[in-house]
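Mind having a look at this structure? Questions to follow.
Bear in mind these aren't lab numbers, they're just calculated from the coordinates by the rules spelled out. Everything numeric here is computed off the predicted structure, so don't read it as measured data. Cβ: placed from backbone, ideal geometry, glycine included. Neighbour counts: every protein chain shown.
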Amino acid sequence: MSISAADVNKLRQQTGAGMMDCKKALTEANGDFEKAIDYLRKKGQKVALNRSDRDAKEGFVFGTTNDNANAGAIISLNCETDFVAKNEAFIQYGTDLLNLVLNNKIQTIDNLLETDFNGMKVKDSLFEQIGKIGEKLEVSRIEFVESASVTVYNHPGNRLTSLIAFNQQVDAEMAKDVAMQAAAMAPVAIDKDDVSTEMLEREMDIARDQARQEGKPEDMVEKIAAGKVNKFYKESTLLNQNFIKDDKKTIRQLLEENNKDLKVVSMKRVQLAS
């Protein structure tokens with residue numbers, strides 16, 4: 001019987017086996033999917049069945065920059081177990097995808113999945129890897145940034161990476177300090193004005209409720225809430241945080257000491273989901 005390309009693709013998506021293997025299996029099974037899966041198993045194929053509902057909370061998070069340090073990228077490639085996450089082949093696969101993001105200036109996961117990689121699309125490559133490894137794999141996040149100067153900090157263990165882009169060339173050691181600050185202190189935005197309206201409203205609502213629960217007079221609630229939000233800005237926005245290596249200065253002051261015109265134009269922080 002004639003086997004359609006759609007059926008071959010469907011079996012590939014169900015199992016992670018190669019296209020030609022899926023076509024042969026369907027041919028041998030006369031188009032019966034269950035028999036085709038049995039055929040693949042009998043032939044020693046590792047199939048990725050029933051993986052879509054698994055949690056992929058382990059993995060590899062890593063970042064890099066190009067040779068000119070004016071572009072940088074981060075990828076989070078997730079798997080199910082720490083054992084796979086530490087496997088050299090898995091780490092190399094993640095590194096290869098990271099370089100693909102960087103070299104092709106890829107901005108979204110959807111675009112990455114459709115990009116050619118070693119003779120196939122990345123999405124097909126993922127299915128192939130699932131079949132080999134026997135675990136659910138997924139790219140959960142990518143970031144790509146271009147600017148005058150880009151610095152990446154990879155925290156040991158491949159579970160946390162930060163990327164900072166500056167508007168001009170910057171001292172390498174200071175740039176690394178800022179990237180480490182972002183990794184360690186998890187700022188939600190670069191500066192006050194970069195905090196989303198939704199997040200600001202949420203912080204204000206929480207502060208108001210706290211003030212009322214403390215029994216503060218209603219005519220003082222807004223003033224107290226504003227004070228708490230200012231504390232939130234200091235603790236949670238990069239430029240207003242105290243520098244972790246010298247808490248007598250903020251990150252803003254650190255930049256100004258280096259160059260009064262120096263600015264952080266982009267900040268990305270990616271941490272493996274727990």
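Normalised by the empirical 2.2 N^0.38 Å for globular proteins, what value does the Cα Rg of the chain take?
Relative to the 2.2 N^0.38 Å estimate, the chain comes out at 1.31.
If you don't mind, another one. Run through all the Cα pairs of the stretch 92-240 and give the fraction in each 10 Å bin from 0, expressed as whole percent.
Spelled out per bin, shortest first, that is 9, 26, 25, 21, 13, 5, 1.
What nm distance separates the two modelled labels at Asp55 and Asp67, each placed 7 Å from Cα along Cα→Cβ?
4.4 nm
Counting other Cβ atoms within 10 Å, keep those with at most 11, restrict to DSSP loop, and tell me which GluC sites (Glu not before Pro) in the stretch 117-222 are left.
Answer in residue order: Glu214.
Given a Förster distance of 30 Å, report the FRET efficiency between Asp32 and Leu113 from their Cβ-Cβ distance, rounded to the nearest 0.05.
It comes to 0.55.
Right, next: Short version: what are the Cα gyration tensor semi-axes of the stretch 181-274, square root of 5 times each eigenvalue, largest first, in whole Å?
In descending order, the three semi-axes are 28, 16, 12 Å.
Kindly provide the pair-distance distribution of the stretch 112-191 built from C-alpha pairs, with 5 Å bins from 0 and whole-percent values in order of increasing distance.
Bin by bin from 0 Å, the calculated values are 3, 12, 16, 17, 13, 12, 12, 10, 3, 0.
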